[in-house]
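Here is the structure we will look at.
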Amino acid sequence: MNKEREHWGSRWGFILAAMGSAVGLGNIWRFSYAMGEGGGSTFLIIYLLSVILIGFPVMMIEFAIGRRAQTDAIDAFKKLAPKSFWVIAGGMGVLAAFIILSFYGVIGGWSLKYIFSYLTGGVSGNTETYFTEFVGSTFEPIGWQFLFMGITVAIVMLGVQKGIETSSKWMMPILSILLIVLAGYSLTLGGAGEALTFMFHPDWSAFTDPSVYFAAVGQAFFTLSLGMGIMLTYGSYLSPNEKLTSSAAYIIILDTLFAIIAGLVVFPALFAFDLDPTQGAGLVFIVLPTIFEGISGIGLVVGVAFFILLALAALSSGISLLEVVVAYLIRRLGVSRKLATLGIGFIIFLVGVPSSLSQGAVSIEVFGDPFLDFMDKFSGSLLLPLGGLIVAIYGTWSWKSDELLEHTDLKGVAWAPAFLFFAKFVAPIAILIILVFGMLSW
Ligand code: PHE
Ligand code: NA
């Protein structure tokens, strides 16, 4: 029992792993479809504000709680604030990780399928029909989902450092270069003007719609892996003398750049080919193949490369989701890492099956949304902001301002008062208001 806790090999090991968790399907798949549905620029502005004003403070507090407690999300709250209700936040985090991974595995599986498609001749015919037929079939998407979950489980079984650090190290630079090149290409396709207006020209009338705030704040939490104890758990693998502020800033800036550049890949092409921005979860799987089709000669190679990188980014996020649940089970039930990972990985796969089926094979709807979209909205826009709210309240009201600054390494820093103001008032109140109105509009 008193085996020493594993720790990161270096500060960069920690930053890379946290980036590995942050950068994933959320930046490319979820960001572009949420932005398409949220009306473009309005969504983007609220999302950016949420990332800076809510995401940054919540991330700092999660890191700080984890580093201090040196244990997983649920135990951290018990340890730092015994016999209090804060532990609910930890429990909700484990639940959120469980739910998110169930459908994340489905989309991860789609990426694997598209790697295979490009290795074997590409996406033939109409890219929309190709996608709809694939996700609408019963067994094939489940098979790919199973494969994705299997790989995720295998990596988590290898343990914290080996599994997570190495895969993030080389994947991210390559993915960013490919995205930038693709964005450059996409902007030449003839839809640049329309896309830039859609993305960056604010439509002030749309700011009165509460559902856009709900979606944008949810996206901020989802994309930064916040509100569910992931960053908390990663922080717990930090030795107590590592610095937090710059790490959080790097992670947030990088994650945001990935999303915006992905938008610059998707939307110019989308408008150039007259596709519909509000078509939902299939957006990138329909638009990107259309781009690759047009690249004469090397379209297939680019397609393979892109979907391999997307799958890798998805894997490093999937690993972090599974890690939250596994870390909890190991400590709670005292089972081995191997058993916990295999067992819970399989259960999460099973829970994901209805999400996969809901994309056309079988009609499974909750509140008028297909099951996958419902799980996505429920966890991303509801559980994560709620978890983040509790984390923010915990950090700012149970620790005195002075302690909070000390635990986040901000003591004596010039902008410490601003941080306190946003962490204590702006972030919690904004989350609360948006949750209430979001729920009402849902
Ligand atoms: N942040 C990841 C992404 O953008 C998804 C994720 C959400 C991972 C929550 C962990 C926790 O793809
Ligand atoms: Na992300």
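Quick one: Karplus J couplings for segment 207-217, per residue in order, coefficients 6.51, -1.76, 1.60, θ = phi - 60°, nearest Hz, x for Gly and Pro?
With the stated coefficients, segment 207-217 comes to 5, 8, 8, x, 5, 5, 5, 4, 5, 6, 5 Hz.
When the chain is treated as a GNM, springs tying every alpha-carbon pair under 10 Å, which of G280, G90, G229 comes out with the largest mean-square fluctuation?
G280
Hey, what did segment 93-156 get for relative contact order, percent, Cα under 8 Å, at least 6 apart?
48 percent
Counting only trypsin sites (Lys or Arg not before Pro) that are in a DSSP loop and have at most 13 other C-beta atoms within 10 Å, tell me the longest site-free stretch of the chain.
That gives 84-242 as the longest site-free run.
Whole-Hz Karplus ³J(HN,Hα) for segment 275-284, in order, using 6.51 cos²θ - 1.76 cosθ + 1.60 and θ = phi - 60°, x for Gly and Pro?
Ordered by residue, 3J(HN,Hα) equals 8, 9, x, 9, 7, x, 4, x, 2, 5 Hz.
Over all Cα pairs of the chain, how is the pair count split among 10 Å bins, expressed in % and running from 0 up to the last occupied bin?
The percentages, shortest bin first, are 5, 23, 33, 26, 11, 2, 0.
Measuring with a 1.4 Å probe in the full set of protein chains, what accessible area per residue, in whole Å², belongs to segment 299-442?
Accessible area per residue, segment 299-442: 41 Å².
Rank these residues by their accessible area, most exposed first, probe 1.4 Å: D209, D373, D255.
In descending accessible area the options line up as D209, D373, D255.
Mind scanning K338/K400; K169/K243; K169/K424; K377/K400 and naming the pairs with a C-alpha gap bigger than 30 Å?
K338/K400; K169/K424; K377/K400
Please report how far the C-alpha centroid of segment 364-415 lies from that of segment 164-234, rounded to the nearest whole angstrom.
19 Å
Taking H placed 1.01 Å from N in the peptide plane, check which residues at least 5 places from D369 or on another chain put their amide H under 5 Å from its amide H.
Distant-sequence amide H within range of D369: zero hits.
Over the chain, what is the relative contact order in percent, taking alpha-carbon pairs closer than 8 angstrom and at least six residues apart?
Normalised by residue count, the contact order of the chain is 36 percent.
Using label points projected 7 Å from each Cα along Cα→Cβ, tell me how many nm separate E403 and R331, to one decimal.
Here the answer is 1.8 nm between the modelled labels.
Given a 10 angstrom Cα cut-off, can you work out which residue in W144, W415, W12 is the most mobile in a GNM of the chain?
W415
On alpha carbon coordinates alone, what is the Rg over Rh value for segment 58-153, Rh being the Kirkwood radius?
In segment 58-153, Rg relative to Rh is 1.22.
Taking the chain as a Gaussian network, where each spring joins two C-alpha atoms under 10 Å apart, which residue of A81, A220, A195 fluctuates the most?
A81
Once amide H atoms are built 1.01 Å from N in the peptide plane, which residues 5 or more positions from S358, or in another chain, come under 5 Å H to H?
L372
Using Cα pairs closer than 8 Å and at least 6 residues apart in sequence, work out the relative contact order for segment 349-416, in percent.
Reported relative contact order: 16 percent.
Which percent of the accessible heavy-atom area of segment 41-86 goes to carbon and sulfur, probe 1.4 angstrom?
Ligands and nucleic acids excluded, carbon and sulfur give 69 percent.
The values are calculated or read from the model by the stated rules, or taken from the named source; none is laboratory data. Computed from a predicted structure; not experimentally measured. Glycine also receives a Cβ, built like all others from the backbone with ideal geometry; neighbour counts cover every protein chain displayed. Ligands, DNA and RNA are excluded from the accessible area calculation, which covers all protein heavy atoms including side chains. Shrake-Rupley method; radii C 1.70, N 1.55, O 1.52, S 1.80 Å.
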